[in-house]
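Engineer: Below is the structure I would like to discuss, written out as structure tokens.
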Amino acid sequence: MAHNSLSALQSFVALYHSEPFWIGIDVHKRSYHLALLRADAKTFTLVVPATPEKLVEQLRHLDIRIAGIAYEAGPTGFSLARTLQTEQIPVIVAAPSKIPRSISRGAKTDRLDCLKLAQFASKGMLRSIAIPTVQEEAERALCRRRHQLVDSIRRSKQRIKGFLLYHGVKETTTLKNWHSDYPEQMAALPLEEEGRFTIESHLRELTFLQNELSSVTHQLDQMNSKPRKRAVIRSLTSVPGVGKVVATTFHTELFRPERFNQREEVASYLGLAPSVRQSGERTQRGSLVPVGQTRLRSLLIEAAWIWRAKDPDAQRIYNKLLSTTGIPQKAIAALARRLAIILWRLSIEQRAYRPSLLQK
């Protein structure tokens, strides 16, 4: 913080130490852009280094009463929020999609962004997302890493098949379905030296990714075997069609399921809540409201198909939904919503699934 900015800031807060200040922060990798909103609606902006501990120290030196600090969730994570919580400073980490935006396009700068955050927070227009602990964030990152590796393996296989197609190599059943002897068949392909080196490079990459996936999966199994996880995973996997992957992803992404008060909140968080349009006496339900939980939503829909096939009660509910909507995709999305709510309740109560839960 520059010397002149420091003196100007001290003058700005001098007569308002007992009044609440709202602070908006535009967070970046190397700098924090701060906006202080005074009780008389006057503002002051400045730039400080992107270090949570130094920011807290500077705020402490100002000796002001902080009503709340708001910043937008992003790639810098939650370290700033956790540091502020440790210092008993109220903090709002706002989801970008939930921050009010102007209808018309206007100027956008870091200074304007932090000013808007401070103003919105002071008017109660921002709601904080859940802030995970360091442990919860690490567990979620490990689970997400598994999904990243699964995607990378799929893309690697697609590149290999694309290479074979481009070079006119006929795809056998072994190569099509990736049977265990596919490396031997790859080695026997009639390719030039450079082409053989290329395919061997692809295979080395695929082998590396498969080994990484095995290692991460083993670590997830170790995590789930701990007493505090074992009961929850056992409860979730008691639902037909819900395996360890779905259960682990659901548990790590929802972390602290008790923070949800209603089933509608769970459905909305997972992106399984339909959009609603109401006009007069008419109410229409449209497509699902998009959120960031795309991976978990797709896993729940896949699990709902298996659940329908294995559980007669789920099949009955699906048939009823299908007769109402007439569209299988809508019916299975509604069934996945019910499945998510059941998993939420099982996560809290930590007991086995009973078909009677479908009636509630």
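Engineer: Being farther than 30 Å from residue 139 by Cα, surrounded by fewer than 17 Cβ atoms within 10 Å (Cβ to Cβ), β-branched (Val, Ile, Thr) and modelled with pLDDT of 90 or more is the requirement here; does residue 207 meet it? Spell out how you get there, then give the answer.
Structural biologist: On the way: farther than 30 Å from residue 139 by Cα: no; surrounded by fewer than 17 Cβ atoms within 10 Å (Cβ to Cβ): yes; β-branched (Val, Ile, Thr): yes; modelled with pLDDT of 90 or more: yes.
No; evaluated as a whole, the condition is false for this residue.
Engineer: Let me ask something else about it. In the list 169, 134, which residue meets the criterion of being under 28 Å from residue 77 (Cβ atoms) and either surrounded by 15 or more Cβ atoms within 10 Å (Cβ to Cβ) or of a type in the set (Val, Ile, Thr) (or both)? Show your work before the answer.
Structural biologist: On the way: 169 fails: under 28 Å from residue 77 (Cβ atoms).
Going through 169, 134 in turn, just one is under 28 Å from residue 77 (Cβ atoms) and either surrounded by 15 or more Cβ atoms within 10 Å (Cβ to Cβ) or of a type in the set (Val, Ile, Thr) (or both): 134.
Engineer: Being aliphatic (A, V, I, L, M), under 20 Å from residue 122 (Cβ atoms) and in contact with a strand residue (DSSP E or B) (Cβ under 9 Å, 6 or more places away or on another chain) is true for just one of 50, 8, 35. Which residue is that? Steps first, please.
Structural biologist: Working: 50 fails: under 20 Å from residue 122 (Cβ atoms); 8 fails: under 20 Å from residue 122 (Cβ atoms).
Being aliphatic (A, V, I, L, M), under 20 Å from residue 122 (Cβ atoms) and in contact with a strand residue (DSSP E or B) (Cβ under 9 Å, 6 or more places away or on another chain) holds for just one of 50, 8, 35, which is 35.
Engineer: Answer with yes or no whether residue 198 is more than 22 Å from the chain's Cα centre (by Cα) and either in a helix (DSSP H, G or I) or within 30 Å of residue 347 (Cα to Cα) (or both).
Structural biologist: So residue 198 fits the description; yes.
Engineer: Mind checking whether some residue in the range 142-157 is acidic (Asp, Glu), more than 30 Å from residue 296 (Cβ to Cβ) and free of Cβ contacts under 8 Å to residues at least 12 places away in the same chain?
Structural biologist: No, the range 142-157 contains no residue that is acidic (Asp, Glu), more than 30 Å from residue 296 (Cβ to Cβ) and free of Cβ contacts under 8 Å to residues at least 12 places away in the same chain.
Engineer: Another one. Among the residues of the range 51-72, which ones are at pLDDT 95 or above, out of contact with any Leu (no Cβ under 8 Å at 6 or more places or on another chain) and open to solvent by less than 30 Å² (accessible area, probe 1.4 Å)?
Structural biologist: 68 - this is the single residue of the range 51-72 that is at pLDDT 95 or above, out of contact with any Leu (no Cβ under 8 Å at 6 or more places or on another chain) and open to solvent by less than 30 Å² (accessible area, probe 1.4 Å).
Engineer: Sort out which residues of the range 33-64 are in contact with an Asp or Glu (Cβ under 7 Å, 6 or more places away or on another chain), outside any loop (DSSP other than H, G, I, E, B) and free of Cβ contacts under 8 Å to residues at least 60 places away in the same chain, and write them in order of number.
Structural biologist: Passing the criteria: only 56.
Engineer: Same structure, new question: Select from the range 318-346 the residues that are touching a residue at least 40 places away in the same chain (Cβ under 8 Å) and either under 11 Å from residue 239 (Cβ atoms) or surrounded by fewer than 17 Cβ atoms within 10 Å (Cβ to Cβ) (or both) and list them in ascending order.
Structural biologist: Residues satisfying the conditions are 339, 340, 342, 343, 346.
Engineer: Same structure, new question: For the range 105-184, list the helices (runs of 4 or more DSSP H) that sit wholly inside it and hold at least 1 residues that are acidic (Asp, Glu) and over 20 Å from residue 217 (Cα atoms); which are they?
Structural biologist: The helices (runs of 4 or more DSSP H) meeting that bar are 110-122.
Engineer: If you go through the range 126-166 one residue at a time, how many are over 17 Å from residue 212 (Cβ atoms) and under 22 Å from the mean Cα position of the chain (by Cα)?
Structural biologist: Qualifying residue count for the region: 15.
The values are calculated or read from the model by the stated rules, or taken from the named source; none is laboratory data. This structure is a prediction, so every number in the text was calculated from the model and none was measured. Backbone-built Cβ (ideal geometry, glycine too); neighbour counts: all protein chains shown. For the accessible areas, the whole protein counts, side chains as well, though only heavy atoms, and no ligand, DNA or RNA atoms are used. Shrake-Rupley method; radii C 1.70, N 1.55, O 1.52, S 1.80 Å.
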